[in-house]
Amino acid sequence: MYYYIHTFGCKVNQYESQLINEIFEDLQFDKALFPENANIIIVNSCTVTANADKKCKSYLKKISRLPNKPKIILIGCITKSYAISEIKSLFPNILVKDKEDFFREKKSIKSFDKHYRAFLKIQDGCKNFCSYCIIPYIRSTLWSKNQDRIISEIEQLVKNGYSEVVLTGINIGEYKTGISNLLKKIVKIPLDFRIRLSSIELNAIDSHFVNIMKLNQKKLCAHLHIPIQSGNNNILKEMGRRYSTEKFKNIINELVKVLPKLAVTTDIITGFPGETEEQHRGTCDLIKKIPFARLHIFKYSDRIGTKAYSLSNKISLDSIRKRAYELRKIDKQKRKKFIKDNVGEIRKAIKISKDKVLTDNYITVKMHPINNKGIFRVKITKDSII
């Protein structure tokens, strides 16, 4: 029997697909290189945006026409969203299952297929209920992995050749004993590796967290992804975000003061209902002032069931596209400046492909050949940056 797993979405989904992958391996199934060679196809879905739903439906349509007629099992976030009724009507032969049925007893991995870095899920669930986000309705149960299990899993992954482990979750700031306390234990593991956080909310960053980052630069990557979402306080309030732009800016400045070469990346949603042109301009102006290394720009996407869905003052698609374009230009400037500021620096790096390495502060550098293993030092030059 041959199986194939196709994963949409975030690092949590990718981790959960790896759990399923290892379960199939333990059952001595063979992994197909392509869906057309598989007897079973697992589709691990995402529903964070309307575009995510669209991609999933398109893929299901494609594989449902395969001449080998594989058994198709759909799992993941879309199965708990409003979109599932349409999918069931369009694809009646597809089996819809709860992903927990696959790995209810299995909570750790030994490797990360086809990756040089390993993702490690430490937490699930979110209770923030930001007005635009469907995820708290879909992943509503808060869950945190036992600290000892996390330590053991990191040790196993490092011993199996993964020099970087990315801690991920739906909202890792909700980790039950505190993310700072967890990091304090992880950095004591006597192995050569480094930890990167996939994303962390601003409200989880306090003086204790900053101090741990400062004192453990050998183990903790100089990179934090902290979503800002908007640069306007009124829009942040409408979004249900529990901070002000002033607080955000002050905390980022404090972090960069303590860690001068820290890469701070962020998420921005443009075109939130009611966002005026003036508020958009204010966001652009604020973003220019904050020392971000790069921006991830998202166009507002209506999600049935969220508070924002019922708002009437929606922004036109043309305006959203225009604003996204303007933000992407700022992102390009931010990336250039961050790279320029790091030219000549010697940073710790790991191999991420045949000819690329990733520094601790999230810069991809081209090298050829790469004979190094584990964590090694690399000099950032103008010609080597991708």
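Scanning the stretch 260-284 for residues that are outside any strand (DSSP E or B), within 21 Å of K219 (Cα to Cα) and out of contact with any helix residue (DSSP H, G or I) (no Cβ under 6 Å at 6 or more places or on another chain) yields a total of 2. Residues in the stretch 312-369 that are part of a helix (DSSP H, G or I), of a type in the set (K, R) and either under 29 Å from Y300 (Cα atoms) or within 23 Å of the chain's Cα centre (by Cα) (or both): R321, K322, R323, R328, K329, K332, K334, R335, K336, K337.
For the stretch 42-74, give me each residue that is surrounded by 13 or more Cβ atoms within 10 Å (Cβ to Cβ), of a type in the set (S, T, N, Q) and outside any strand (DSSP E or B). First the steps, then the outcome.
Restricting attention to the stretch 42-74, the residues satisfying the condition of being surrounded by 13 or more Cβ atoms within 10 Å (Cβ to Cβ) are 42-50, 52-53, 55-57, 59-60, 63-64, 66, 68, 70-74.
After this cut, where a residue has to be of a type in the set (S, T, N, Q) as well, the list is 44-45, 47, 49, 64, 68.
If the condition is that a residue be surrounded by 13 or more Cβ atoms within 10 Å (Cβ to Cβ), of a type in the set (S, T, N, Q) and outside any strand (DSSP E or B), then T47, T49, S64, N68 are the ones that fit.
When I226 is tested against (1) surrounded by 18 or more Cβ atoms within 10 Å (Cβ to Cβ); (2) closer than 22 Å to F112 by Cβ, exactly one condition is not met: (2). T283 - would you say it is farther than 30 Å from A349 by Cβ and in contact with a Lys or Arg (Cβ under 9 Å, 6 or more places away or on another chain)? Answer is yes for this residue.
Of the residues making up the stretch 340-372, those that are closer than 14 Å to E164 by Cα and either in contact (Cβ under 8 Å) with a residue 40 or more places away in the chain or in contact with a Pro (Cβ under 7 Å, 6 or more places away or on another chain) (or both) are K348, I350, K351, I352, S353, L358, D360, N361, Y362.
Name every residue in the stretch 103-144 that is in a helix (DSSP H, G or I) and farther than 30 Å from L358 by Cβ, in order of residue number.
Our first condition is that a residue be in a helix (DSSP H, G or I); within the stretch 103-144, this holds for 103, 135-138.
Once the filter is applied, which keeps residues that are in a helix (DSSP H, G or I) and farther than 30 Å from L358 by Cβ, the stretch 103-144 yields P136, Y137, I138.
In the condition set (1) surrounded by 15 or more Cβ atoms within 10 Å (Cβ to Cβ); (2) modelled with pLDDT under 95; (3) not polar (S, T, N, Q), P291 is compliant with all but (2).
The values are calculated or read from the model by the stated rules, or taken from the named source; none is laboratory data. Just so we're clear, the structure is a prediction, and the values are computed from it rather than from any experiment. Here the Cβ is made from the backbone with ideal geometry for all residues, glycine too, and neighbour counts use every protein chain on show.
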